[in-house]
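Please read the structure below before turning to the comments.
The values are calculated or read from the model by the stated rules, or taken from the named source; none is laboratory data. What you are looking at is a predicted structure, and each value in this text was computed from that prediction instead of being measured. Ideal geometry is used to build each Cβ from the backbone, glycine not excepted, and the neighbour counts take in all protein chains shown.
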Amino acid sequence: MKIGIKLFTFLAMFFLANNAFALSFTQDYWSCTDFTTHEDGSSFFILSVEVAGYESDFGLFTVDNITAPTSIVEKLLVFEAKAEPTSTANVYFKHDAGGWWAKSNLEDWKLFDKYFGFYYGVYTGGRTDTTLDYLWYTDKQFNSYANGAPLDTNIEHVATSWNGFDTASIYLDDQKGGGDRDWNDMTVIGNDIAPVPEPATLMLLGAGLLGLGGASRKRFNKK
């Protein structure tokens, strides 16, 4: 029994240590890993939220160019600040001739993208505050006041971690100017998602695929 307790303690400490070191500020954009959940070709992942400190909105956003984003195109609200701790919600994705679409429990289908980032909307007065103050994004260049004016665009307020397969955690540090960096102001867990490669990696992958295509054509022409 004592050996079992020691082993459990060791594994718990090992997991916590790995989770802490896995905190990332470079995984700005994500995509679903399963698009075959439903007969109509749509897919969903479940987000569960734990609230500590200030209550905040939580949602997804898309950009104009995933390899070199310069502006936000669309946002999808998933949780409102009044959501209870351990609340869960579904986000559904589907594709048709018009492109990619997404909806949540709070918003109906809207033209979206299969690549998206995460954002938090912070109300500094807590649960009774109805005035949105800040918007913090996984891509920090878009950090802003509620009115859209840039704020803390050189400071990370949203961190992520990934299990290397299909589950991510998104952590909030909500205070303007850098906060206390404890990353426990609000945490959302998403399933069936994976990070999109860095823009440079995407471009290298594209160049590699083009190269393979050119090599294949050369071999074909030689025949």
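Would it be correct to say that Asn143 is surrounded by 18 or more Cβ atoms within 10 Å (Cβ to Cβ), at pLDDT 95 or above and on the phi < 0 side of the Ramachandran plot?
On the way: surrounded by 18 or more Cβ atoms within 10 Å (Cβ to Cβ): yes; at pLDDT 95 or above: yes; on the phi < 0 side of the Ramachandran plot: yes.
Answer is yes for this residue.
So for segment 120-139 (the condition being surrounded by 14 or more Cβ atoms within 10 Å (Cβ to Cβ), among the aromatic types (Phe, Trp, Tyr) and farther than 17 Å from Ser56 by Cα), does at least one residue qualify?
Initially, segment 120-139 is screened for residues surrounded by 14 or more Cβ atoms within 10 Å (Cβ to Cβ), giving 120-124, 129, 132-139.
Narrowing the set further to residues that are among the aromatic types (Phe, Trp, Tyr) leaves 120, 123, 134, 136-137.
From what is left, the residues that are farther than 17 Å from Ser56 by Cα are none.
No, every residue in segment 120-139 fails to be surrounded by 14 or more Cβ atoms within 10 Å (Cβ to Cβ), among the aromatic types (Phe, Trp, Tyr) and farther than 17 Å from Ser56 by Cα.
What's the number of the only condition in (1) at pLDDT 95 or above; (2) not in a strand (DSSP E or B) that Tyr120 fails to meet?
It is condition (2) that Tyr120 fails.
Against the conditions (1) touching a Ser or Thr at 6+ places or on another chain (Cβ under 7 Å); (2) in a strand (DSSP E or B); (3) modelled with pLDDT under 85; (4) farther than 14 Å from Leu172 by Cα, where does Thr86 fall short? Just the number, please.
With (1) touching a Ser or Thr at 6+ places or on another chain (Cβ under 7 Å); (2) in a strand (DSSP E or B); (3) modelled with pLDDT under 85; (4) farther than 14 Å from Leu172 by Cα applied to Thr86, the lone miss is (2).
Among the residues of segment 172-186, count how many are surrounded by fewer than 18 Cβ atoms within 10 Å (Cβ to Cβ) and within 22 Å of Tyr29 (Cβ to Cβ).
Of the residues in segment 172-186, 0 are surrounded by fewer than 18 Cβ atoms within 10 Å (Cβ to Cβ) and within 22 Å of Tyr29 (Cβ to Cβ).
Give the number of residues within segment 56-70 that are free of Cβ contacts under 8 Å to residues at least 24 places away in the same chain and in contact with a strand residue (DSSP E or B) (Cβ under 9 Å, 6 or more places away or on another chain).
Step one: filter segment 56-70 for residues free of Cβ contacts under 8 Å to residues at least 24 places away in the same chain, giving 64-65, 70.
Add one more test, that the residue is in contact with a strand residue (DSSP E or B) (Cβ under 9 Å, 6 or more places away or on another chain), and what stays is 64, 70.
Within segment 56-70, residues that are free of Cβ contacts under 8 Å to residues at least 24 places away in the same chain and in contact with a strand residue (DSSP E or B) (Cβ under 9 Å, 6 or more places away or on another chain) number 2.
Give the residues of segment 162-182 that are on the phi > 0 side of the Ramachandran plot, in a loop (DSSP other than H, G, I, E, B) and either within 15 Å of the chain's Cα centre (by Cα) or modelled with pLDDT of 90 or more (or both), sorted by residue number. Can you show your working first?
Here is the first cut: in segment 162-182, the residues on the phi > 0 side of the Ramachandran plot are 164, 177-179, 181.
Right, trim to in a loop (DSSP other than H, G, I, E, B) and you get 164, 179, 181.
Across segment 162-182, the qualifying residue is only Gly164.
Looking only at segment 123-156, how many residues end up being in contact (Cβ under 8 Å) with a residue 12 or more places away in the chain and in a strand (DSSP E or B)?
5
Of the numbered conditions (1) hydroxyl-bearing (Ser, Thr, Tyr); (2) in contact with a strand residue (DSSP E or B) (Cβ under 6 Å, 6 or more places away or on another chain); (3) farther than 14 Å from Tyr29 by Cβ, Tyr115 fails exactly one; give the number of that condition.
(3)
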